1. Go through Lys215/Lys591; Lys424/Lys471; Lys89/Lys394; Lys109/Lys394 and tell me which ones have a Cα-Cα distance over 19 Å in this structure.
2. Give the carbon-plus-sulfur fraction of the accessible surface of segment 515-614 in %, rounded to a whole number; probe 1.4 Å, heavy atoms of protein chains only.
3. Around Met570, which amide H atoms from residues at least 5 apart in sequence, or from another chain, sit under 5 Å from its own amide H, with H modelled in the peptide plane?
4. Could you compute the FRET efficiency for Lys219 and Glu505, with r as their C-beta to C-beta distance and R0 at 51 Å, rounded to 0.05?
5. When all protein chains stay in place, what accessible area (Å², nearest 10, 1.4 Å probe) is found for Leu51?
6. At a 1.4 Å probe radius, carbon and sulfur cover how many percent of the accessible area of segment 1-77?
7. Figure the gain on full extension for Ile380 and Ile25 (residue separation times 0.36 nm, minus the Cα-Cα span) and round it to one decimal in nm.
8. Over segment 430-511, average the accessible area per residue using a 1.4 Å probe and give it in Å², no decimals.
Amino acid sequence: MISLSQDFYIYSSIIFVVLTVFLYILDKWSIVVKSIFILSTLLVFFSIFPLNDSDGNNLLSPSVILSGFSNTTLICVLSLLILGQGVVKTRVLDNFISNFIDIFPGNQKLIILLSLLFVLVLSGFLNNTPVVIIFIPIFQSIASKVGAPVSRYMMPLSYVAILGGMTTLIGSSTNLLVANSLNEMKGIELGFFDFFVPGSVIAFAGLIYVIFFSKFLLKNNAPMASELIGSSGKQFITQITVSTGSVLLNKEIQKSLLEDLKNVTILMIQRKEHAVIPPFADFKLVAGDVLVIASTREALSELISKKNGISTGELSNMSHLGQENGDFSSNQILSEAMITPTSSLVGQTIENISFRYRFNCIVIGLQRKARMIRNRMTEIALEPGDILLIQSTKESIKNLRTHSDILPMEWSSTEIIKSDLAFKSLLIFLSVILLSIFEILPLVVSSLLGVLLMLSAKIISIRESFRAVDKNLLLIVVTSLALGNLISTTGTAQFISDIFFNVLEDTSPTILLSTFFILVSLLTNFISNNACAVLFTPIGLDLAEKAGVDPKLFAISIIFAVNTSFLTPMAYQTNLLVMGPGHYKFVDYIKFGLPLTLICWLTFTLFFPLYYNL
């Protein structure tokens, strides 16, 4: 074992932080793999180069690095996720929303405005992700009724949910992590509503911007089906295979069309491991080629009925969906459905889960981050936020609403599934909140008690509770806490705060807080906001001590800053969830999110010092 100087550990810690930021920005590997790699690297490094105290004890031993798994804040966050899943499962909010919408049946724009206000308030007490999942199909339905592009409402929905999360202690997992660090390092506790007023001011300033400027900054993005098969919406997308006896063998494709495939447009050709997209440039077909095509019901029916050596895969056997001999009946519809974050389908392929038999629907297209995936769909591992283009009967698509794995992108206020357990789930959740607000029980105790009551009342099963636990969030939090221990124990936080303070030494506390806010706000868009919160809290608390400012104020400013995740779809899970339904591109987040970030920063800079008499 080798023990070295403190400077070595400081610079090593900085390298670890930079490496972590770089890995989290990369989109190549999953968050689980990246987090495990970081933790493993830390464990190996500090086993070889231990940071020993005067008694020879390793200050960053494996038990310290992995202590995040037993952290009470993490347990609290996971318990709140399970409670939220119980509320979502019983659809108690759906019934409330349905009744709420019925009050204003003729004024859809007012419904949008009031819904955004409702999302803002609800996100202060419930995890943002289920709130957004509930409202995505609602906003899509309303957008259709008012004749407005759905892209005008999806990003505002995510942003308003994020803004609402900065108003209370449980509004976001990052709030709890910052409060945990403040308590561990300074012995100061944050109350449930300690930052409600400044948080609400910033949130309402952001809400006003979202309401008034979404119309001008968010353009009409065509939905997946329209983009690929034209605006008529009367075509299907499917895959056909060229066999050895096919009439298509050695035929050349001209401008995505073939003479033997009348009224059929070729979108992509899969040949073994390679995918070819238009223009095909006199591409010749061979046996085994898979063609992704778009065509009308009539043309596909004719194609199936011919014995020309063309296999149409799933479309050639549709009897279980009410299709006989290729006769496409009028009750067959195209619809879009989203893979939810807690879905058991995540990480599996469509083929492995037997999608058509499990849900009585056929997947004919897949969209990820507003882009159509052109590989063979059966070979693609599903991810949260993926949009599936599915074909089935209206009844089968309607029945998807009873599944927690997949969310249909259509919603009707008259078709809400009621549950006898809805009242119990809401009562349990509100009891947990009230016990915490009035400090009758610690939040971790009340939330665990709430989970126990939901399990006892059979509102949610043990399997569903485990599925509600986001493994990405779990490992991000544990990794972040490990890095937080690292930069605090090695003196890296003090080293960085010294540099920051020396640059702004002669400035007022307001300038110091404002500069720190915008720095954290920008960085939180490129790494996990949980990681950003844990990494910058020790630095902020050390800055507070140097500037003679109450550490609580720096902690609150970090909470606000890490909740301004508006610039990238990866910055926050809800941003990624609305990317598909809103058909956004990366640049749309910058265009709409940058002004919102600046508004939050300016509101913080103007109001925060006045409210706390700085």
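1. Those over the limit are Lys424/Lys471; Lys89/Lys394; Lys109/Lys394.
2. 73 percent
3. Correct list: empty.
4. Calculated transfer efficiency: 0.65.
5. Surface open to solvent at Leu51 totals about 20 Å².
6. Looking at segment 1-77 in its full context, I get 69 percent from C and S.
7. 125.6 nm
8. Per-residue value: 50 Å².
The values are calculated or read from the model by the stated rules, or taken from the named source; none is laboratory data. Note that the coordinates shown come from a computational prediction; the quantities given were computed from them, not determined experimentally. Ideal geometry is used to build each Cβ from the backbone, glycine not excepted, and the neighbour counts take in all protein chains shown. Note: areas computed on protein heavy atoms with side chains; ligands, DNA, RNA excluded. Shrake-Rupley method; radii C 1.70, N 1.55, O 1.52, S 1.80 Å.
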